[in-house]
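Enquirer: Shown below is the structure under consideration.
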Amino acid sequence: MTDRFLYEPDVLERLLIPETDLERDLVALPAFRHGLCWGEPRFGHPEGKVALHVREVLENIATIPNLSPSDRSRLRLIALAHDTFKYAESRSRPRDWTKHHGMLSRRFMEAYTSDAVILDVIETHDDAYYKWLSQRRRPSPHRQLDSLLSRVGHCIQLYYLFFKCDTQTGDKVQAPLRWFEQVAEGIEVVTIKPFWPWERL
């Protein structure tokens with residue numbers, strides 16, 4: 001895709017196919033559209049634009065077996081918002097976590113939903129990956145998960161489903177997902193893609 005994202009008014013609508021009034025309203029917002037149009041090809045995201053990644057996540061959500069309509073709606077909203085404010089996050093060192101794109105997306109979405117499940121998963125959607133990185137340095141898988149579970153334990157299955165849909169995209173390393181499936185208690189492991197080519201350790 002080229003920068004026609006920026007010039008064709010309905011390209012995002014045709015790509016993401018909003019299903020509800022809220023989805024349509026979000027995709028129409030200038031700040032949201034700007035974030036969806038941001039991005040260049042990079043490791044993990046060879047597709048470049050955030051909207052192309054979101055489309056792939058939405059396709060994964062559509063394949064989850066036995067998903068309730070309410071959870072499907074939640075996951076779609078999370079998918080639309082989770083990376084949309086990457087362009088605005090702080091890249092300072094040391095990192096300012098209050099300006100991580102997950103937190104920025106949560107704050108934005110607080111004006112459109114009060115659903116704590118949606119907001120908490122948006123805010124913490126990258127945390128399982130960070131916990132995996134941390135445990136590689138200092139192996140202690142359950143301790144690494146404690147702080148994350150304190151945030152998303154109330155919706156751990158939905159958190160896992162989104163993490164899987166988000167991770168099985170682009171050319172992302174799959175080791176964090178396999179680790180999470182092994183150590184996160186209380187989740188029901190599901191198959192979204194029966195074959196996944198990017199089985200990197």
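The values are calculated or read from the model by the stated rules, or taken from the named source; none is laboratory data. Source: prediction; values computed, not measured. As a convention, Cβ positions derive from the backbone with ideal geometry for all residues, glycine included, and neighbour counts pool all protein chains shown.
Enquirer: Any residue in segment 120-133 that's touching a residue at least 12 places away in the same chain (Cβ under 8 Å) and within 18 Å of THR169 (Cα to Cα): show its pairings with residues that are of a type in the set (A, V, I, L, M) and not in a helix (DSSP H, G or I) at Cβ separation under 6 Å, as long as the two are six or more apart or on different chains.
Expert: Within 6 Å, no pair qualifies.
Enquirer: Restricting to segment 72-131, what's the tally of residues that are not aromatic (Phe, Trp, Tyr) and not in a loop (DSSP other than H, G, I, E, B)?
Expert: Going residue by residue through segment 72-131, those that are not aromatic (Phe, Trp, Tyr) are 72-84, 86, 88-96, 98-107, 109-111, 113-128, 131.
Adding the requirement that they be not in a loop (DSSP other than H, G, I, E, B) leaves 72-82, 86, 88, 98-99, 101-107, 109, 116-124, 127-128, 131.
Within segment 72-131, residues that are not aromatic (Phe, Trp, Tyr) and not in a loop (DSSP other than H, G, I, E, B) number 35.
Enquirer: Another question about this same structure. Out of everything in segment 150-194 that is of a type in the set (Ser, Thr, Tyr) and surrounded by 15 or more Cβ atoms within 10 Å (Cβ to Cβ), what residue ends up being nearest to VAL117 (Cα to Cα)?
Expert: In the first step, residues of segment 150-194 are kept if they are of a type in the set (Ser, Thr, Tyr); the result is 150, 159-160, 167, 169, 191.
Within this subset, residues satisfying the condition of being surrounded by 15 or more Cβ atoms within 10 Å (Cβ to Cβ) are 159-160, 167, 169.
On the way: TYR159: 9, TYR160: 12, THR167: 19, THR169: 23 Å.
By that ranking, first place goes to TYR159.
Enquirer: For segment 103-118, indicate whether the set of residues that are more than 23 Å from THR169 (Cβ to Cβ), among the aromatic types (Phe, Trp, Tyr) and modelled with pLDDT of 95 or more is non-empty. Full working, then the answer.
Expert: If we filter segment 103-118 for residues that are more than 23 Å from THR169 (Cβ to Cβ), which is where we start, we get 107, 110-116.
Of the ones still in play, those that are also among the aromatic types (Phe, Trp, Tyr) are 112.
Applying the additional criterion that residues be modelled with pLDDT of 95 or more yields 112.
Checking segment 103-118: at least one residue is more than 23 Å from THR169 (Cβ to Cβ), among the aromatic types (Phe, Trp, Tyr) and modelled with pLDDT of 95 or more.
Enquirer: On to the next question. So which residues in segment 9-37 are at pLDDT below 95, loosely packed, with under 12 Cβ neighbours inside 10 Å and assigned to a loop (DSSP other than H, G, I, E, B), if there are any at all?
Expert: PRO9, ASP10, listed by residue number.
Enquirer: Residues in segment 40-62: is at least one touching a strand residue (DSSP E or B) at 6+ places or on another chain (Cβ under 8 Å) and part of a helix (DSSP H, G or I)?
Expert: Initial filter on segment 40-62 (touching a strand residue (DSSP E or B) at 6+ places or on another chain (Cβ under 8 Å)): 48, 53.
Filter again for part of a helix (DSSP H, G or I), leaving 53.
Checking segment 40-62: at least one residue is touching a strand residue (DSSP E or B) at 6+ places or on another chain (Cβ under 8 Å) and part of a helix (DSSP H, G or I).
Results for (1) touching a His at 6+ places or on another chain (Cβ under 6 Å); (2) exposed (fewer than 15 other Cβ atoms within 10 Å of the Cβ); (3) free of Cβ contacts under 8 Å to residues at least 40 places away in the same chain, shown as yes or no for each residue.
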| position | (1), (2), (3) |
| --- | --- |
| THR84 | no, no, no |
| TYR87 | no, no, no |
| TRP97 | no, yes, yes |
| LEU104 | no, no, yes |
